[in-house]
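Okay, structure first, notes after.
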Amino acid sequence: MLPVADAQSLILQHTQPLPAETVPLAPGACALGCVLAEDVVSDIDMPPHDKAMMDGYAVRASDLPDGKGALAVVEEITAGRVPSRTLSPGQASRIMTGAPIPAGADAVIVVESTRLLGGDRVQIEDHPPKVGHNILPRGREMRRGETVLRAGAVLRPQEIGLLAIMGKTAVQAVPIPRVAILATGDELVEPGEKLGPGQIRNSNGPMLLAQTARAGALPHSLGIARDRLDSLGPLVQEGLRHNVLILSGGVSAGKLDLVPGVLREAGVVAHLHKVAMKPGKPFFFGTLDPQRAAGREPAGAGRALVFGLPGNPVSSLVCFELFIRPALRTLRGHRSPGPHMVSATLSEDLPHATDRLTYHPAHLETGPQGWRVRAVPWFGSADLRGLSQANALLVLPVGDHHHRAGTVFPVVAMEMTPE
Ligand code: AMP
Ligand code: MG
């Protein structure tokens, strides 16, 4: 059985960023969180003119050697207007934040330090202004022809705004992976259907769709496959048309655990099956054989990554966090795949015996002394309810221990994204 760290690195060895595409930046498009695949050069100086940084009066500093004086107001310049008057000695223009500084002016006095007199005159009561006071010179933020963003930058809201400043409506970026999700099991019914004897609701489907969406990928539900070759086969084929296929259930050693065989038939090469961890031991990972991948739609989609998760809901969730989320980040072109680990101090004693490295649902919080963690009540691999108290997985070592409060443990911070 492979150790968790070896399984994680094996998966990443088989995972490459998706080829770049033109990604639109329009509102509602999916550029957020994508990784830029080109350098972006500014087509403008920013600011495009020497600009006022405050509402007030554009003045000649030399008119106000001690910061006080009455000046004649010759015009009003609002943002978007172009000044029409050059300031002569003794003159000022009323100016709004962002508006271009008129010729002749070399400082802006904030409106709070001024008082209007009659006859288009203004009284200034301020400190002596320095040349350039409250003025941002043209091109100070960025210059035309300057490389402002480089390939590899993650498109966060500020980068999307910056691209808008540069007039971009689309960029070359790593696209969002398309992920098919297939629940398997004769006992499953969809949450909206009537529950019969011996049946349980498909909770992994909706949960994995949500985890996929939160990982910045595009989930597509394939519904439920029954534990029969004729049901699994066609749905697996459909799933392999996506960048990633996630199956839940059917990967253990039971009589109806048909998934590994069906995947082999479909041309999936198994890279690992079974990991030394709790929960999640039966985890499976493979990739579509390149020969079989050729000719599959859409062209150029590359080799699908295939993850088979144990059906128990907590096992599914934990395997997603440890193995699939890092793979999705890598497909998206992010440099740090995660999972996001922190060292946290146990806040309560925890007796715990296990024969496999255990990822125990836990609650992680920050405080003045740094990260603190406590295990939440948990009744095994199917107990999803226990997980609703948790935001983290406490990593507990093999053996029969009485872990003491104050001991430091590695913790997977599930709600956080590594940067
Ligand atoms: P399996 O991995 O198929 O042997 O399933 C292990 C356990 O997880 C069984 O108790 C299944 O009923 C349960 N299970 C399998 N798939 C799901 C699912 N989609 N939602 C909730 N429980 C599931
Ligand atoms: Mg099953």
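Mind checking the full-extension length gain between residue 405 and residue 165? Use 0.36 nm per residue of separation minus the Cα-Cα distance, one decimal, nm.
Working: separation 240, 0.36 × 240 = 86.40 nm, distance 5.20 nm.
Taking residue 405 through residue 165 to full extension adds about 81.2 nm, to one decimal.
I want to make sure I understand the PRE zone here: with the label point 7 angstrom from the Cα of residue 210 toward its beta carbon, which residues in region 346-389 have backbone N atoms less than 12 Å away?
Label zone hits: 384-385, 387-389.
At what distance in nm do the modelled label points of residue 172 and residue 270 sit from each other, each positioned 7 Å from its Cα along Cα→Cβ?
It works out to 4.1 nm between the two label points.
If R₀ is 51 angstrom, what is the calculated FRET efficiency for the pair residue 130 and residue 10, using the beta carbon separation as r and rounding to 0.05?
Numbers: r = 62 Å, r/R0 = 1.22.
Efficiency, from the Cβ-Cβ distance: 0.25.
In what sequence, highest mean first, do 130-142, 273-285 appear when ranked by Cβ atoms within 10 angstrom? If you can, show how the numbers build up before the last one.
Values: 130-142: 15.7, 273-285: 22.1.
The densest-packed peptide leads the list: 273-285, 130-142.
Stretch residue 415-residue 79 to full length: gain in nm at 0.36 nm per residue minus the Cα-Cα span?
Contour length minus Cα-Cα distance gives 116.7 nm.
Compare 415, 75 by solvent-accessible area with a 1.4 Å probe and give them largest first, with all protein chains kept in place. Mind showing how you got there, number by number?
Numbers: 415 110, 75 30 Å².
Ranked from most to least accessible, the order is 415, 75.
Could you give the length gained by full extension between residue 110 and residue 41, i.e. 0.36 nm per residue of separation minus their alpha carbon distance, to one decimal place?
On the way: separation 69, 0.36 × 69 = 24.84 nm, distance 3.44 nm.
Working it through step by step, the gained length comes to 21.4 nm.
Please find, in a Gaussian network model of the chain (springs between Cα atoms separated by less than 10 Å), the residue of 236, 73, 23 whose mean-square fluctuation is greatest.
Greatest mean-square fluctuation among the candidates belongs to 73.
Once you sort the root eigenvalues of the Cα gyration tensor of region 70-133 as a ≥ b ≥ c, which label holds: rounded (a/c under 1.5), prolate (a/b larger than b/c) or oblate (the other case)?
Details: a/c = 1.43, a/b = 1.21, b/c = 1.18.
Cα axes put region 70-133 in the rounded bin.
Which residues in region 65-84 have a backbone N closer than 14 Å to a point placed 7 Å from the Cα of residue 103 along the Cα-to-Cβ line?
83-84
If you take the C-alpha gyration tensor of the chain, multiply each eigenvalue by 5 and take the square root, what semi-axes do you get, largest first, in whole Å? Can you show the working numbers first?
Details: eigenvalues 724, 149, 63 Å².
Here the semi-axes work out to 60, 27, 18 Å.
With θ set to phi - 60°, apply the Karplus curve 6.51 cos²θ - 1.76 cosθ + 1.60 along region 59-66 and write out the HN-Hα couplings as whole Hz, x wherever there is a Gly or Pro.
9, 9, 3, 5, 6, 10, x, 10
Connecting C-alpha atoms closer than 10 Å in a GNM of the chain, tell me which of 341, 54, 207 has the biggest fluctuation.
54
Please calculate how many Å² of accessible area the chain carries per residue, with a 1.4 Å probe and no DNA, RNA or ligand atoms counted.
Numbers: 19730 Å² over 419 residues.
That works out to 47 Å² for each residue.
Just report the Cα centroid separation between region 217-264 and region 88-137, whole Å.
Each part reduced to its Cα centre gives a spacing of 71 Å.
Could you sort the peptides 391-399, 316-324, 192-200, 173-181 by per-residue average Cβ neighbour count (10 Å cutoff), highest mean leading?
Values: 391-399: 19.3, 316-324: 25.9, 192-200: 8.8, 173-181: 24.0.
Ranked by mean Cβ neighbours within 10 Å, highest first: 316-324, 173-181, 391-399, 192-200.
With r as the distance between the Cβ atoms of residue 120 and residue 366 and R0 = 51 Å, compute the FRET efficiency 1/(1 + (r/R0)^6) and round to 0.05. Mind showing how you got there, number by number?
Details: r = 58 Å, r/R0 = 1.13.
So the FRET efficiency works out to roughly 0.30.
Is the C-alpha gyration tensor of region 350-419 telling us rounded, prolate or oblate? Criteria: a/c under 1.5 is rounded; beyond that, a/b larger than b/c is prolate, otherwise oblate. Show your work: numbers first, answer last.
Numbers: a/c = 1.68, a/b = 1.17, b/c = 1.44.
Oblate.
Could you give the nm distance between label points at residue 289 and residue 156, where each point is 7 Å from its Cα heading toward the beta carbon?
Modelled inter-label distance: 4.5 nm.
For region 278-419, divide the Cα radius of gyration by the Kirkwood radius and give the resulting Rg/Rh value with two decimals. Intermediate values should be presented prior to the final figure.
On the way: Rg = 17.6 Å, Rh = 16.6 Å.
Rounded to two decimals, Rg over Rh is 1.06.
Given 37, 276, 124, which one lies farthest toward the positive end of the charge dipole of the chain, if we put +1 on the Cβ of every Lys and Arg and -1 on the Cβ of every Asp and Glu?
Farthest towards the positive pole: 276.
Give me the lysines in straight-line cross-link reach of residue 278: C-alpha distance below 28 Å, same-chain residues under 8 apart excluded.
Straight-line reach from residue 278, under 28 Å: 255.
Indicate the gyration tensor shape class of region 195-244 (rounded, prolate or oblate), computed on the Cα atoms with a ≥ b ≥ c the square roots of the eigenvalues: a/c under 1.5 is rounded; otherwise a/b larger than b/c is prolate and the rest oblate. Display every interim value, and only then the final one.
Details: a/c = 4.10, a/b = 1.22, b/c = 3.37.
Since a/c reaches 1.5 but b/c is at least a/b, the shape of region 195-244 is classed as oblate.
The values are calculated or read from the model by the stated rules, or taken from the named source; none is laboratory data. Because the structure is predicted, anything quoted here is derived from the model rather than measured. Note: ideal-geometry Cβ built from the backbone for every residue, glycine included; neighbour counts use all protein chains shown. The area values use the complete protein model at the heavy-atom level, side chains included, leaving out ligands, DNA and RNA. Shrake-Rupley method; radii C 1.70, N 1.55, O 1.52, S 1.80 Å.
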